[in-house]
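The values are calculated or read from the model by the stated rules, or taken from the named source; none is laboratory data. In this text the structure is predicted, and so the values were computed from the model without any measurement. Please note: Cβ atoms are built from the backbone with ideal geometry, for glycine as well, and neighbour counts cover all protein chains shown. Just the protein is used for accessible areas: all its heavy atoms, side chains included, with ligands, DNA and RNA removed. Shrake-Rupley method; radii C 1.70, N 1.55, O 1.52, S 1.80 Å.
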Amino acid sequence: MRRRSLLIAVPAGLVTLAGCGDDDGGADSAEATDTASPSAPATSAAPPPKIVDGPLPAITAGTKFDEKPTVAKGSGEPSKNLAVKTVIAGGGQTVAENDYIQANYLGQIWDTAKVFDNSYDRKTPLVIQLAPGGIIDGWRYGLTGKKAGSRVQMSVPPTWGYGEQGNSQAGIKGTDTLVFVVDIQATFNAKSSAKGAQVAQDNVDVPKVGTNTDGKAPSIEIPKADPPTKLVANYILEGDGAEVGAEDSVLVQYRGVFWDGGKEFDSTYGRKALTSFSLQQVVKGWAQGLTGKKVGSRVLIVIPPDLGYGDNPPSGSGIKKDSTLVFSVDILAKM
């Protein structure tokens, strides 16, 4: 099983990741982890912190953006407030609360300099939502307003970290102040789109998908033809990111319509909320259609009934038995 951070919120006393389903029937991935990082305990919400600029321990090596840093042990008593410093100022999009961020990070304990988690060694950046209850409050308050391309260092007291219970798996006590270095690679929200290169749509027998990249739902034009009996998974915009693996989780924008009549039945654009899920938790057509595709791409997926819901569509979905489904999917990130 792929190792993931513990940055995501979990019920108090648990140290494994918790995923929850979307109202569209999709599901966020829920994978066990053997690492420990800023997962928010489900305790009563702390008041917003006062943000100060120090003290913070020195970064003694790995001082460039996206390099694994080495951070000195904290000197003296840490602040009782949330200390935040922009070490490297980026020029990208500004992070807002409830955005998903993609970031590399390292976390250690102030008093001992013990590193309890880092994504650099896993060679996989974390993608996580800065939402209440979804991440420790220190990250949520400390990173909101920063720009993609920035390196941010934070000192997080227990109040805005793991609270009085700490995190026993990580060796974090309820009195420990935590130090983080976070390299924000990208941020995503409901207005995000794929940014790949346009690919010719020459086949008149498959739907044509809009190529707009303004965050609005792309058009999907259904041809006057019989639906295909095999899966169609074509690039509309081809990105240059990493390929999606069969066991990966992804962050996406998507729109789904029926082949018969072209009526929309589901859309993240309409909900104004991105969604994430594991390819092991979706219908075969989605899993097969997205496997091997590149991050940053828009993909047309036409799913015949035997790779979709067949004769057992979800109750209340409006999907009829044996429907051929058509999706435009923007792959924003791997998780």
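Quick look at the numbers
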quantity	calculated
Single condition PHE65 does not satisfy, out of (1) within 23 Å of the chain's Cα centre (by Cα); (2) closer than 22 Å to PRO157 by Cα; (3) modelled with pLDDT of 95 or more; (4) not acidic (Asp, Glu)	(2)
Qualifying residue in the stretch 78-97 (condition: within 16 Å of the chain's Cα centre (by Cα), crowded, with 19+ Cβ neighbours inside 10 Å and either within 17 Å of LEU56 (Cα to Cα) or of a type in the set (Asp, Glu) (or both))	no
Residue among ASP248, ASP202, ASP226, ASP260 that is open to solvent by 10 Å² or more (accessible area, probe 1.4 Å) and under 28 Å from ASP99 (Cα atoms)	ASP248
Residue in the stretch 223-234 that is closer than 24 Å to ILE128 by Cα, out of contact with any Asp or Glu (no Cβ under 7 Å at 6 or more places or on another chain) and either touching a residue at least 60 places away in the same chain (Cβ under 8 Å) or part of a strand (DSSP E or B) (or both) present	no
Test: residue in the stretch 210-228 that is touching a helix residue (DSSP H, G or I) at 6+ places or on another chain (Cβ under 8 Å), more than 25 Å from PRO125 (Cα to Cα) and of a type in the set (Ser, Thr, Tyr)	no
Boolean, PHE188 is at pLDDT below 95, crowded, with 20+ Cβ neighbours inside 10 Å and within 15 Å of the chain's Cα centre (by Cα)	no
Residues being farther than 30 Å from VAL329 by Cβ and buried (at least 17 other Cβ atoms within 10 Å of the Cβ) - total across the stretch 160-185	14
Residues (open to solvent by less than 60 Å² (accessible area, probe 1.4 Å) and either among the aliphatic types (A, V, I, L, M) or part of a strand (DSSP E or B) (or both)) located in the stretch 208-222	VAL209, ALA217, ILE220, ILE222
Those residues of the stretch 163-200 which are part of a loop (DSSP other than H, G, I, E, B) and either closer than 15 Å to ILE136 by Cα or free of Cβ contacts under 8 Å to residues at least 60 places away in the same chain (or both), in sequence order	GLY166, LYS173, GLY174, THR175, ASP176, THR177, LYS191, VAL199, ALA200
Members of the stretch 239-266 found to be part of a loop (DSSP other than H, G, I, E, B), closer than 15 Å to TRP286 by Cα and not aliphatic (A, V, I, L, M), listed by number	GLY245, GLU247, ASP248
